[in-house]
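The values are calculated or read from the model by the stated rules, or taken from the named source; none is laboratory data. If you're wondering where the values come from, they're calculated on a predicted model, not measured in any experiment. Here Cβ is always computed from backbone atoms with ideal geometry, including for glycine, and neighbour counts include all displayed protein chains.
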Amino acid sequence: MASRWPERLWIVRHGESAGNVARDRADAAGLGRIDIAERDVDVPLSPLGEEQSCALGRWFADLPEHERPEVILTSPYLRARRTADIVRECGGFSPEAHRPTPDERLREKEFGVLDRLTRHGIAELHPDQAEFRRLLGKFYHRPPGGESWCDVILRLRSALDTLSLHYAERRVMIVSHQVVVLCLRYLLEQMTEEEILAIDAQADVANCAVTEYRLDRTCGPNGEMKLFRYNFTAPLERAGAPVTAEPDVPVAAR
């Protein structure tokens, strides 16, 4: 029986970015602002992020050809697009796979007035927003000019509809961002707010970590996507590429 779901779905966080490195530097120095020259959409991978991306590509390349991704969807942000390109260049996709397709619905959560601020900077410059977040919780808090997790989930519902319409029974890889990985888990596994925030609290999603779903045809008329692995970093470890798990933004803004 045909299913509306992909046969396999890999959701990958981009490799370490220059923004991750700059955020760590700002936090260590107790600064309020993260020193990044580019727009968030234009922040590149760090050299380590490129190494991580190639390690992931080699891991996919070691799979049988019929088990590798054949459709690649990516956030339009440079760090995600470059991750997907490097995975492809390192042999990680089926030969028939086209170049990665950017989809703006897979973009990073927008942080509005809190963009490029550390936890210290948010408390100093926008104490009202820190208090609103405390009262509302990160799932519902929407900073001025930014998005809540619910806003991200709303656009991802549409992206999953497109996945079902155009890529049923295909092998699909999505390259995106930490919050998007978590929000896709929320949708695919029909979680509650409490359940997904508990997973988020356990650990950050590592750069180039793999979250994989496989189609279980025995569940319902269309089958269901079942979680096979989450935050899987073995491809990096096998290749000797350091595993990094820096959040893209301070926890207070996520």
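Inspect segment 31-40 for any residue being under 28 Å from R133 (Cβ atoms), in contact with a Leu (Cβ under 7 Å, 6 or more places away or on another chain) and of a type in the set (K, R) and give the result as yes or no.
yes
Would you tally the residues in segment 224-245 being touching a strand residue (DSSP E or B) at 6+ places or on another chain (Cβ under 9 Å) and at pLDDT below 85?
Result for segment 224-245: 1.
Residue check: is D204 acidic (D, E), crowded, with 16+ Cβ neighbours inside 10 Å and over 24 Å from V87 (Cα atoms)? I'd like the intermediate steps shown before the answer.
Details: acidic (D, E): yes; crowded, with 16+ Cβ neighbours inside 10 Å: yes; over 24 Å from V87 (Cα atoms): no.
So D204 fails the test.
Which members of segment 1-19 meet the condition of being more than 15 Å from R116 (Cα to Cα) and either more than 16 Å from the chain's Cα centre (by Cα) or part of a helix (DSSP H, G or I) (or both)?
Step one: of segment 1-19, the residues more than 15 Å from R116 (Cα to Cα) are 1-16.
Hits for segment 1-19 are M1, A2, S3, R4, W5, P6, E7, R8.
Which of the residues belonging to segment 145-189 are surrounded by 15 or more Cβ atoms within 10 Å (Cβ to Cβ) and polar (S, T, N, Q)?
S148, S176, Q178, listed by residue number.
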